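Below is one structure, written out as structure tokens; comments come after it.
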Amino acid sequence: MALSTDPFSPTPPDTGHLRTRLAQAGLRATRQRLVILESLLTLPGHPTAEQVHRQVISLEPTISLGTVYKALDSFVAAGLTRRVAAAEGTSRRYDADCTEHHHLFCTNTQEIIDYCDPQLDALIRDFFAAKGLQNFQPHSFSLHITGNKVMK
């Protein structure tokens, strides 16, 4: 079991890579989407739309917060990102890592930490294979575990 670190580099991805990701997701590569996707990929952790907007306006001052929300929602619908509930439950956060993983929410710091554990994943898959859910077939899962970081 491991706490994963953010797999995204703080250096901006090249525009060609961003255009390809958008095209593969079935989205047009508009200037606004390119800047918003670049910001999402380079911000650490699981940013809010407001955090993405703050970074975006340093590059494109005319992009509104509403445009950022619409773009992020289109990224979620296209599978480029996932929406993650914040620990405090008051803001939407976004996770550009769409691989299977879980989230640990620290109530002290409001931090969302990616958590990967193949053994836990196997236990969950085995549980649902044995128990099943009436009239429901799970395709993926993500646990959201709330607690506090323990300082040693």
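The values are calculated or read from the model by the stated rules, or taken from the named source; none is laboratory data. What you see is a predicted model, and the numbers here were worked out from it, not measured in a lab. Backbone-built Cβ (ideal geometry, glycine too); neighbour counts: all protein chains shown.
Candidates in the range 26-72 are the residues that are in contact with a Ser or Thr (Cβ under 6 Å, 6 or more places away or on another chain) and β-branched (Val, Ile, Thr); of these, the one that is nearest to Phe105 (Cα to Cα) is Thr48. Do we have Asp114 as part of a helix (DSSP H, G or I) and either touching an Asp or Glu at 6+ places or on another chain (Cβ under 9 Å) or under 27 Å from Leu43 (Cβ atoms) (or both) here? No, not satisfied.
Flag: Gly79 does not match the condition of being without any contact (Cβ under 8 Å) to a residue 12 or more places away in the chain, assigned by TED's automatic domain parsing to the domain that holds Leu34 and surrounded by fewer than 13 Cβ atoms within 10 Å (Cβ to Cβ).
Which one of these is modelled with pLDDT of 85 or more and either in a loop (DSSP other than H, G, I, E, B) or more than 15 Å from Val52 (Cα to Cα) (or both): Ala71, Ala87, Ala130? Of Ala71, Ala87, Ala130, the one residue that is modelled with pLDDT of 85 or more and either in a loop (DSSP other than H, G, I, E, B) or more than 15 Å from Val52 (Cα to Cα) (or both) is Ala130.
Yes/no per residue for (1) surrounded by 11 or more Cβ atoms within 10 Å (Cβ to Cβ); (2) touching a residue at least 24 places away in the same chain (Cβ under 8 Å); (3) touching a strand residue (DSSP E or B) at 6+ places or on another chain (Cβ under 9 Å):
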site	(1), (2), (3)
Thr109	yes, yes, no
Ala122	no, no, no
Ala129	no, no, no
Gly132	yes, no, no
Asn135	no, no, no
Ser142	yes, yes, yes
Thr146	yes, yes, yes
Val150	no, no, no
